[in-house]
Amino acid sequence: MNIDSINNGIVIDHIKAGMAMKIYDFLELGALDCPVAIIKNAASPKLGKKDIIKIDSVLNVDLNALGYIDPTITINIIKDGVRVKKYHPELPEKITNIIRCKNPRCITSIEQELPHVFNLIDREKDEYRCMYCESKASL
Amino acid sequence: MRHITSITDLSTAEIDELIATAQDIIEQPQKYAEACSRKKLATLFYEPSTRTRLSFEAAMIELGGHVLGFSEAASSSAAKGESVADTVRTVCCYADIIAMRHPKEGAPTVASLHATVPVINAGDGGHNHPTQTLTDLLTIKMEKGRLSNLTVGLCGDLKFGRTVHSLITAMCRYPGVRFVLVSPEELKVPSYVKIPLKRDNVRYDQTTDLCSVLPELDILYMTRVQRERFFNEDDYIRLKDSYILTPEKLEYAKADLSILHPLPRVNEISVAIDQDPRACYFRQALYGKFIRMALILKLLEVTV
């Protein structure tokens, strides 16, 4: 399988096998008109199997938020065909409109225009809670 | 400007200061009679309440202030679909402080994000009710003279009872407090509520048998065991009478026990106990007014 190298863009590597589409949806990659490649179940010495996403475009989003979706991922920034930066996303203190509060008693359940904001409560446990009702976040 | 949406918004020193102010108000009410003259409290109650709304309103009136607001969502623009944020922005044009009750969890937090005056959470669904916790703490202080070195029994629905969770969170800050958690297996305190107890090495015991622990208690905080909390009707019928406080059960208790209840009561405390000097729950309702007076003064930054 040949997938062209990208010139200016992002390679999201070491995605847990099966999680690529979640990240694809979160980044709304379906709306882009640049080349986007999803590689599923690639062999990985570290994970056994992994997914990879290659995006041939510079995205203007906070990629650290991906750390909540999958903390194992590696983000590679490519410029002029060369990797210029490689990092693991840091869990952000606050994530907005990435996940929705599922508590039916939360004020967000009746006020549609409210942003769904979750605060990082425990970095070790990867635990976020709704800023309104304090319910635990779940994908 | 401060908002109070949870008891954890207040430090232990601030809670002690509020209790001291409330005690001073009880001793010298005339000193505070004009403290909030020309100030207005808006009570935004999106669901019915007796004690909380009336005690807030009585508190402001006794401070020389005025009260406006609504007592049900149907009599506000919420009935037309207005958001909490828009209602609060509007009310801030007319009032100096807001007390809000809402059936949805986190609504007072939304209000606090848009308000230009202090917002007090007067109960948001099953989530937080900080002025009830302050009321409970003042009651214990008034009845026992201290908040430390007490054995506190909490009885009934400890799983869903928000007042119980907040009281545990607040009281575990004081030294020498031991909790005795009395509930059916189905309604035990959730594990997250016990995290501060374990972290701070606070002693607590769990039991299903009220009578066996009653002689040890300095405080008994009763809550209602609600039928709708049980999956199985048989379990409810089997357990419901175990957690009804009667004069017979009270024979096992200390002579200086203090019985608290956030009210409303249904049948979990026999009316025969109401005349017993150990029954504090109606005095507790009275103390609720004084602690709210203290909180209004603090948030309006009024010094007397």
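No lab work stands behind these numbers, since they all come straight from the coordinates. Bear in mind the structure is a predicted one, so any value in this text is a computation, not a measurement. Reconstructed Cβ throughout: ideal geometry from the backbone, glycine too, with neighbour counts over all protein chains shown.
Quick notes on this structure:
- Between helix B:51-62 and chain B: long-axis angle, C-alpha atoms, 0 to 90°, nearest 10: 50
- Ordering of A:101-114, B:75-88, A:77-90 by burial proxy (mean other Cβ atoms within 10 Å per residue, highest first): A:101-114, B:75-88, A:77-90
- Given their separation in residues at 0.36 nm each and the Cα-Cα distance between them, residue A:139 and residue A:62 gain 25.9 nm when the chain is fully extended.
- DSSP-defined antiparallel bridges as percent of all bridges, the protein assembly as shown, nearest 5: 45
- Counting only Cβ charges, +1 for Lys and Arg and -1 for Asp and Glu, the dipole size of the protein assembly as shown around its Cα centre is about 560 debye.
- Distance between the 7 Å Cα→Cβ label points at residue B:14 and residue B:207: 3.7 nm.
- When both the stretch A:67-139 and the stretch B:170-244 are represented by their alpha-carbon centers, they are found 35 Å apart.
- FRET efficiency, 1/(1 + (r/R0)^6) with R0 41 Å, evaluated for residue B:37 and residue B:265 via beta carbons: 0.65
- Loop sites in the stretch B:183-283: chymotrypsin sites (Phe, Trp or Tyr not before Pro), DSSP, at most 14 other Cβ within 10 Å: B:231
- A Förster radius of 45 Å combined with the Cβ-Cβ distance from residue A:7 to residue B:192 puts the calculated FRET efficiency at roughly 0.35.
- Options A:10, A:31, A:61, ranked by Cα towards positive dipole end of chain A, top entry (Cβ charges): A:10
- Stokes-Einstein D for chain B, Kirkwood Rh over Cα pairs, 10 °C, 1.306 mPa s (µm²/s): 79
- For the stretch B:195-299, the fraction of alpha-carbon pairs lying more than 23 Å apart is 42 percent, rounded to a whole number.
- Straight-line cross-link reach from residue B:289 at under 27 Å between alpha-carbon atoms covers these lysines, not counting any fewer than eight positions away in the same chain: B:31, B:39, B:40, B:104, B:141, B:144, B:298.
- 4 °C / 1.567 mPa s Stokes-Einstein diffusion coefficient of chain A, Kirkwood radius on C-alpha pairs, µm²/s: 80
- Over the protein assembly as shown, the Kirkwood radius and the radius of gyration, each from Cα atoms, give a ratio Rg/Rh of 1.07.
- Nearby lysines by direct alpha-carbon distance to residue A:86 (threshold 28 angstrom, same-chain neighbours under 8 apart not counted): A:16, A:22, A:40, A:46, A:49, A:50, A:54, A:94, A:125
- Per-residue shielding of B:84-90, expressed as the average number of other chain Cβ atoms within 10 Å of the residue Cβ, stands at 1.
- Cβ-Cβ FRET estimate between residue B:241 and residue B:114, R0 fixed at 51 Å, reported to 0.05: 0.60
- For the stretch B:84-217: Kirkwood Rh in Å [reciprocal of mean 1/r, alpha carbons]: 16.5
- Averaged over peptide A:109-115, the number of partner chain Cβ atoms lying within 10 Å of each residue's Cβ comes to 4.
- Residue ranges B:146-155, B:116-125 sort as B:116-125, B:146-155 when ordered by packing (mean number of other C-beta atoms within 10 Å per residue, highest first).
- Peptide-level mean, for B:107-120, of C-beta atoms on other protein chains within 10 Å: 2
- Solvent-free Debye calculation, one equal scatterer per alpha-carbon of the stretch B:131-284: log10 I(q)/I(0) at 0.10, 0.13, 0.14, 0.18 Å⁻¹ equals -0.31, -0.54, -0.63, -1.08.
- Placing +1 on the Cβ of every Lys and Arg and -1 on the Cβ of every Asp and Glu, with no other charges, gives chain B a dipole of roughly 520 debye about its Cα centre.
- Qualifying trypsin sites (Lys or Arg not before Pro) in the stretch B:1-76, DSSP loop, other Cβ atoms within 10 Å at most 16: B:2, B:38
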